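S.K.: This is the structure, below, for whatever I ask next.
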Amino acid sequence: MIDIPTPLLDALRHAQHIAVLTGAGISAESGVPTFRDAQTGLWSKFNPQELATREAFARNPKLVWEWYAFRREFIARAEPNAGHYALTELEKRAEKFTLVTQNIDGLHERVRQNVETLRSSVSPIIELHGNIFRTKCFREDTRVSDWLATDEIPPRCPRCGSYMRPDVVWFGEALPRRALDESFRAAESCDVFFSIGTSGVVEPAASLPFIALRNGAVVIEVNPEETPLSASATFCLRGVAGIVMPQILERTAEGN
Ligand code: OAD
């Protein structure tokens, strides 16, 4: 059992708006590799400059498409874990709840589909870095959900004939404007902010907890490792999300 301080539980019980930022760590217990963990992180095995930039795609579209196709198939077989489910439970109890994720794996959304009792007025999950299950046109940047079966890799945009690409944010690209604005608004207006399973080194997501702190929110980090946020966070819970988050839920419900 991890020690969950009483003031943290009090802050949660009285919160009017809970905002949550998640990173790859929350999906680690579902078997989805993180990016920066030594040995197992994707960026310790692959060079992002060769796989996750516009230039890389322009140079070798087949390689990039196939790398994402491999990851998509892998992720499709993964199941949400106790950390994802605990967030949905927390959402049910919160007056207002905003979930911002850097993950492209769609696992938060999958939980919502599995949990029927979630009230219908939930706010959409904010996907800052896109979603690996969506596709868009490389040239027009518009989403494409249907195209004729083809052996060509990558397949071509049915409208303009350019290559299609995964609808994810690559290095050097801007984040989706609306998602970014909504995330900043949530960080400014929440009274409790969770940073879960993120190394906190990729901007602008990394700034969100600091914005919440400046606006007077209680900021809680859930991560087995220290991050650049740790020294400033109101509380740091050193453990994995799949264990820490259900414990927080249980203790909040206990009334003490
Ligand atoms: P990272 O791989 O940088 O960090 C994962 C964090 O999760 C680390 O701090 C781990 O200590 C922590 N962690 C590992 N297992 C955990 C667990 N079971 N529970 C809780 N925490 C755990 O991943 P992100 O911070 O998400 O961007 O990376 C941010 C962005 O960098 C990604 O969205 C991706 C990447 O390049 C793009 O592709 C645009």
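S.K.: Quick check: at a probe of 1.4 Å, how many percent of the accessible area of the chain sits on carbon and sulfur atoms? Working shown, then result.
M.R.: Details: 6390 of 12550 Å².
Roughly 51 percent, rounded to a whole number.
S.K.: Related question: In a Gaussian network model over the chain where Cα atoms closer than 10 Å are linked, find which of S199, S232, S30 has the largest mean-square fluctuation.
M.R.: S232
S.K.: Rounded to the nearest whole Å², what accessible area per residue is found for the range 113-197 with the 1.4 Å probe?
M.R.: On the way: 4730 Å² over 85 residues.
On a per-residue basis, the range 113-197 sits at 56 Å².
S.K.: If exposed means no more than 14 neighbouring beta carbons inside 10 Å and the site is in a DSSP loop, what's the longest run of the chain without any exposed trypsin sites (Lys or Arg not before Pro)?
M.R.: Working: sites that count: R77, R119, R139, R159, R238.
Formally, the longest exposed-site-free interval is 160-237.
S.K.: What does the extension gain come out to for W43 and R13, with contour length at 0.36 nm per residue minus their alpha carbon separation? Each step should come with its number before you reach the end.
M.R.: Details: separation 30, 0.36 × 30 = 10.80 nm, distance 3.84 nm.
Answer, rounded to one decimal: 7.0 nm.
S.K.: Any lysines with Cα under 29 Å of the K136 Cα? List them, leaving off those in the same chain fewer than 8 positions away.
M.R.: Output for K136: K45, K62.
S.K.: While we're on this one: Only bridges with both residues in the range 144-256 count here: give the DSSP antiparallel percent, nearest 5. If you can, show how the numbers build up before the last one.
M.R.: Working: 1 of 9 bridges.
The antiparallel proportion sits near 10 percent.
S.K.: Quick one: putting +1 on the C-beta of Lys and Arg, -1 on the C-beta of Asp and Glu, what dipole do you get for the chain around its Cα centre, in Debye to the nearest 20? Present the calculation step by step, with values, prior to reporting the outcome.
M.R.: Working: 28 positive and 33 negative charges, 126 e Å.
It works out to roughly 600 debye.
S.K.: Quick one: divide the alpha-carbon radius of gyration of the range 142-256 by 2.2 N^0.38 Å and tell me what you get. The partial results should precede the final answer.
M.R.: Values: Rg = 19.7 Å, N = 115, 2.2 N^0.38 = 13.4 Å.
My calculation over the Cα atoms of the range 142-256 gives 1.47.
S.K.: What does the extension gain come out to for I2 and V202, with contour length at 0.36 nm per residue minus their alpha carbon separation?
M.R.: Numbers: separation 200, 0.36 × 200 = 72.00 nm, distance 2.79 nm.
Extending this stretch completely gives an extra 69.2 nm.
S.K.: Okay, moving on. In whole Å, how far is the Cα centre of the range 106-167 from that of the range 34-78?
M.R.: Centre-to-centre distance over Cα atoms comes out at 17 Å.
S.K.: Another question, then. Among E152, E109, E50, which one shows the biggest mean-square fluctuation in a GNM of the chain, springs joining Cα atoms closer than 10 Å?
M.R.: Of the options given, E152 has the highest mean-square fluctuation.
S.K.: A further question on this structure: In square angstrom, what is the accessible area per residue of the range 41-95 with a 1.4 angstrom probe?
M.R.: Numbers: 2890 Å² over 55 residues.
That works out to 53 Å² per residue.
S.K.: Per residue of the chain, what 222 nm ellipticity follows from adding -39500 (n - 2.57) for every DSSP H run with n ≥ 4, rounded to the nearest 500? Kindly include the intermediate steps, with their values, before the conclusion.
M.R.: On the way: 11 runs with 97 residues, N = 256.
Rounded to the nearest 500, the figure is -10500 deg cm²/dmol.
S.K.: Sorted from largest down, what three extents in whole angstroms do the Cα atoms of the chain have along their principal axes?
M.R.: Projected onto its principal axes, the Cα set of the chain covers 60, 39, 33 Å.
The values are calculated or read from the model by the stated rules, or taken from the named source; none is laboratory data. Quick caveat: nothing in here was measured; it's all calculated off a predicted structure. Positions of Cβ are generated from backbone atoms using ideal geometry, with glycine treated the same way; all protein chains shown enter the neighbour counts. Side chains are part of the model used for accessible areas, which takes the heavy atoms of the whole protein and leaves out ligands, DNA and RNA. Shrake-Rupley method; radii C 1.70, N 1.55, O 1.52, S 1.80 Å.
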